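The values are calculated or read from the model by the stated rules, or taken from the named source; none is laboratory data. The shown structure was predicted, so the numbers you read here are calculated from the model rather than taken from an experiment. FYI the Cβ positions are ideal-geometry reconstructions off the backbone, even for glycines, and counts take in every protein chain you see.
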């Protein structure tokens, strides 16, 4: 599975996903400072699921109807980066077939997937 991590995503999440065989492009390493519309379009064009902690992507997807290949919104405030990384990895592994073209929200003790 190919992913694009927004620059707000914790580096340990990116590292753990890469160490588990996922192809992850990290905006912080490639296009730091890029705006949200550019990031969403880049992920869509490259057929990558976007990983983000930025709620603004919900507006781009639902209100403005921007095309996407899938978005995973990480809402785990207060969790240490290592634990966030484990939760994100587990969610992606468990739901990999459902994530494409979906808007997924990872919260404490819950994952919501909306097509």
Within the stretch 91-115, the residues that are farther than 16 Å from residue 24 by Cβ, in contact with a strand residue (DSSP E or B) (Cβ under 7 Å, 6 or more places away or on another chain) and without any contact (Cβ under 8 Å) to a residue 24 or more places away in the chain are 95, 98, 111, 112, 113, 114
Looking at (1) farther than 17 Å from residue 96 by Cα; (2) under 13 Å from the mean Cα position of the chain (by Cα); (3) assigned to a helix (DSSP H, G or I), which one does residue 41 not meet, given that it meets all the others? (2)
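So which residues in the stretch 60-90 are part of a helix (DSSP H, G or I), surrounded by fewer than 18 Cβ atoms within 10 Å (Cβ to Cβ) and free of Cβ contacts under 8 Å to residues at least 24 places away in the same chain?
Taking the stretch 60-90 as the starting set, the residues that turn out to be part of a helix (DSSP H, G or I) are 60-63, 81-90.
The next check asks that each one be surrounded by fewer than 18 Cβ atoms within 10 Å (Cβ to Cβ); those that pass are 62-63, 81-83, 86, 89-90.
Answer for the stretch 60-90, where residues must be part of a helix (DSSP H, G or I), surrounded by fewer than 18 Cβ atoms within 10 Å (Cβ to Cβ) and free of Cβ contacts under 8 Å to residues at least 24 places away in the same chain: 63, 83, 90.
Residues being within 15 Å of residue 49 (Cα to Cα) and touching a helix residue (DSSP H, G or I) at 6+ places or on another chain (Cβ under 9 Å): count how many of those fall in the stretch 99-109. Please lay out each step first, then the result.
Residues of the stretch 99-109 that are within 15 Å of residue 49 (Cα to Cα), as a first pass: 99-106.
This time we only want the ones that are touching a helix residue (DSSP H, G or I) at 6+ places or on another chain (Cβ under 9 Å), so: 99, 102-106.
Matching residues across the stretch 99-109 total 6.
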Residue 96 - would you say it is out of contact with any helix residue (DSSP H, G or I) (no Cβ under 9 Å at 6 or more places or on another chain) and at pLDDT below 95? yes
Write out, first by first residue and then by second, each pair whose Cβ atoms fall under 6 Å of each other, whose residues are 6+ apart or on separate chains, and whose first residue, in the stretch 48-59, is free of Cβ contacts under 8 Å to residues at least 60 places away in the same chain while the second is surrounded by fewer than 15 Cβ atoms within 10 Å (Cβ to Cβ). 48/2; 53/8; 54/8
Quick one: residue 57 ticks every box in (1) in contact with a strand residue (DSSP E or B) (Cβ under 6 Å, 6 or more places away or on another chain); (2) surrounded by fewer than 16 Cβ atoms within 10 Å (Cβ to Cβ); (3) farther than 20 Å from residue 20 by Cβ bar one, so which box is it? (2)
Find all pairs meeting these conditions: Cβ atoms under 7 angstrom apart; at least six residues apart or on different chains; first residue within the stretch 19-32 and touching a residue at least 40 places away in the same chain (Cβ under 8 Å); second residue surrounded by 12 or more Cβ atoms within 10 Å (Cβ to Cβ) and assigned to a helix (DSSP H, G or I). 20/89
